[in-house]
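Only one structure is covered here, and it is reproduced in the block below.
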Amino acid sequence: MSRSKFQKAAKMAKTSFLSNIIANNSHNPRVLFKIFNSVVNPCSDVSMGASPALCEKFLNYFIDKISLLRATHSLVVNQAPASECSTVFQQFEPVSFLTLKEIINNLRSSNSLHDIIPSRIIKDALNTIGSCILFLMNFSLSPGYVPTVFKHAVVQPVIKKSTLDRDILANYRPISKLPFMSKVLEKIVLRQLQTYLERNGISDKFQSGFRPRHSTETALLRVFNDLLLIADSGRSAVLVLLDLTSAFDTVDHDILLARLEHVVGLKGNVLSWFKSYFSERSFSVTMGKYSSSSARLRCGVPQGSVLDPVLFSLYMLPLSSIFEKHNVSFHCYADDIQIYLHLTGDALSSPHPLFDCLSDVKDWLSRNFLTLNGKKTEIIVFDRNMPLGQLTGTFGPVANYLTDTARNLGVFMDSSFKLDKQVSTVVKTSFHQLRLISKAKPYIPHKDMEKLIHAFITSRLDYCNS
């Protein structure tokens, strides 16, 4: 084959490859970004130097990291709720084949190394094997038992940022993959649990994480609107942004199960199912073709699962009573906590209500094995007449956290409400993505270029722009 024919064939193959990626993931910007960015901006991956020893090293690192975090807290034996939940959820309803079929077809076709049958084949053969799957699901729901094979996660270390040193283990985050059938079972449970929570008003109304009709945008709209109303009334306001370190991984199983029973009202087979769900969980680390040994998971809600967001939200339920006690407004999105209040003239010179609230929050978090990330804790004071430098003495013990601008759920907020940094950041990142897309322009048809523009640029312009 001549050189020109080879180059032409290679270009056609690359064009077909990229077009297929775009077509298959046009409605999933996250997957599209990950795959496309690896094509147009390739970089070395840790798996290139993978080995069984390195997998074992990552396994021990992830275990030690959580153990060290939890060791900084003391177990409080008696954490009985102030009052018992007045409603009860004690028996799952058997799932129908139509519901099962809908759930399976709507789940993303993802697989774990422990999946014997690929999820796409399960979907294609559902009319044939569906009755067997239905029996398996209902057999789990009725007695409250989760098969052990459903409770093993395959963890892949992924670099947090492409610019970080790839030889430092702390620069990687664990991405968990669970068996496809376990996600089907969890989705069935989630539907019935959410119905119970919404019917009885148990979910925290100021928790926007992973809830229907809630998002980062609705959370920011509420907080930003409240802050503007305070400013328009001529008063000052303070916003505290709290971030937790590996919050999902340090959740205590015993505390969570007690909370599900007494605060949420789970009893009978439903409670038994969740006890089985958390017992004998395990994980292993995989990199390329290599894997580590298996290790027990003794704490944490399994990230990558269907249930982990709602379980974490229920774990955090009692926290709202602290804010109410101190008459402080708050809004949460998963483990991102926003606390804000207006300041009177006296409070500005001595904002003790805020200090008392933060002290109680820190104490509650510690008793629940959750750790504040001091490096990401930030405080913004919205007062047009008082520069940041004059506030240092006022905020004494938390003065180091004061800032004029902070990133809140992906949006830069500033003390003057101008949003200048947010606009400039969106413009900068949009042009960066445009340059990346231009690298693939010779290989991508015009119609596919439009999809890339919408996925990488329009989505950024639309994010939280209400």
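The values are calculated or read from the model by the stated rules, or taken from the named source; none is laboratory data. A quick note: this is a predicted structure, and the numbers were derived from the prediction, not measured. Because the Cβ atoms are built from the backbone with ideal geometry, glycine has one as well, and the counts that use them run over all protein chains shown.
Table: residues versus (1) assigned to a loop (DSSP other than H, G, I, E, B); (2) under 25 Å from SER279 (Cβ atoms).
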| site | (1), (2) |
| --- | --- |
| ILE121 | no, no |
| THR128 | no, no |
| MET137 | no, yes |
| TYR145 | yes, yes |
| ALA153 | no, yes |
| GLN156 | no, yes |
Quiz prompt | Which listed residue is in a loop (DSSP other than H, G, I, E, B), modelled with pLDDT of 70 or more and over 19 Å from PHE283 (Cα atoms), from SER86, SER44 | solution = SER86
Practice problem: Could you please let me know if ASP346 is modelled with pLDDT under 90 and in a helix (DSSP H, G or I)? | Solution: yes
Quiz item: Can you tell me which residue in region 257-288 is nearest to TYR61 (Cα to Cα), limited to those that are part of a loop (DSSP other than H, G, I, E, B) and touching an Asp or Glu at 6+ places or on another chain (Cβ under 9 Å)?
Solution: GLY288
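Could you tell me which of the residues SER329, SER292 is more than 27 Å from ASP243 (Cβ to Cβ), touching a helix residue (DSSP H, G or I) at 6+ places or on another chain (Cβ under 7 Å) and crowded, with 19+ Cβ neighbours inside 10 Å? Step through it out loud before you land on a result.
Details: SER329 fails: more than 27 Å from ASP243 (Cβ to Cβ).
That would be SER292, the only listed residue that is more than 27 Å from ASP243 (Cβ to Cβ), touching a helix residue (DSSP H, G or I) at 6+ places or on another chain (Cβ under 7 Å) and crowded, with 19+ Cβ neighbours inside 10 Å.
Would you tally the residues in region 198-225 being in a helix (DSSP H, G or I) and touching a Leu at 6+ places or on another chain (Cβ under 8 Å)?
Residues that pass the stated criteria total 4.
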Self-check item: Lone qualifier among SER236, SER279, SER292 - being touching a Leu at 6+ places or on another chain (Cβ under 6 Å), of a type in the set (Gly, Ala, Ser) and at pLDDT 95 or above
Solution: SER292
Self-check item: First in region 253-269 and within 15 Å of THR87 (Cα to Cα), second anywhere and β-branched (Val, Ile, Thr) and assigned to a helix (DSSP H, G or I), Cβ under 9 Å, 6 or more apart
Solution: LEU260/VAL270
Practice problem: Scan region 282-298 residue by residue and report those that are touching a strand residue (DSSP E or B) at 6+ places or on another chain (Cβ under 8 Å) and small (Gly, Ala, Ser). | Solution: SER282, SER284, SER291, SER292, SER293, SER294, ALA295
Quiz item: Could you give every pair whose Cβ atoms fall below 6 Å, whose first residue belongs to region 6-20 and is under 10 Å from TYR443 (Cβ atoms), and whose second residue is part of a helix (DSSP H, G or I), counting only separations of at least 6 or pairs across chains?
Solution: LYS14/TYR443; THR15/TYR443; LEU18/TYR443; SER19/ASP448
Exercise. Would you confirm whether any residue within region 131-139 is free of Cβ contacts under 8 Å to residues at least 12 places away in the same chain, closer than 30 Å to HIS262 by Cβ and surrounded by fewer than 16 Cβ atoms within 10 Å (Cβ to Cβ)?
Key: yes
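Tell me, please, whether a residue that is among the aromatic types (Phe, Trp, Tyr), out of contact with any Leu (no Cβ under 9 Å at 6 or more places or on another chain) and closer than 25 Å to SER313 by Cα can be found in region 138-157.
There is at least one residue in region 138-157 that is among the aromatic types (Phe, Trp, Tyr), out of contact with any Leu (no Cβ under 9 Å at 6 or more places or on another chain) and closer than 25 Å to SER313 by Cα.
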Exercise. Would you please list the contacts, defined by Cβ atoms under 8 Å and residues six or more apart or on different chains, that run from a residue in region 408-430 that is among the β-branched types (Val, Ile, Thr) to a residue that is in a strand (DSSP E or B)?
Key: THR425/PHE412
Quiz item: ARG213 versus (1) within 30 Å of THR344 (Cα to Cα); (2) surrounded by fewer than 17 Cβ atoms within 10 Å (Cβ to Cβ): which is the lone unmet condition?
Solution: (1)
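Provide a single number: the residues in region 394-452 that are in a helix (DSSP H, G or I) and in contact with an Asp or Glu (Cβ under 6 Å, 6 or more places away or on another chain). Step through it out loud before you land on a result.
Initial filter on region 394-452 (in a helix (DSSP H, G or I)): 396-401, 420-439, 441-443, 446-452.
Imposing the further condition that a residue be in contact with an Asp or Glu (Cβ under 6 Å, 6 or more places away or on another chain) reduces the set to 401.
So the answer is 1.
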Quiz item: Filter region 349-375 for residues that are among the aliphatic types (A, V, I, L, M) and at pLDDT 90 or above; which is surrounded by the most Cβ atoms within 10 Å (Cβ to Cβ)?
Solution: LEU370
Quiz item: From the residues in region 91-109 that are surrounded by 16 or more Cβ atoms within 10 Å (Cβ to Cβ) and not charged (D, E, K, R), which one is modelled with the lowest pLDDT?
Solution: LEU107
Exercise. All but one of (1) in contact with a strand residue (DSSP E or B) (Cβ under 7 Å, 6 or more places away or on another chain); (2) of a type outside the set (S, T, N, Q); (3) surrounded by fewer than 16 Cβ atoms within 10 Å (Cβ to Cβ); (4) under 29 Å from GLU102 (Cα atoms) hold for GLY268, so report the exception by its number.
Key: (1)
Quiz item: Hey, any hits in region 429-450 for a residue that's surrounded by 14 or more Cβ atoms within 10 Å (Cβ to Cβ), modelled with pLDDT of 85 or more and of a type in the set (A, V, I, L, M)?
Solution: no
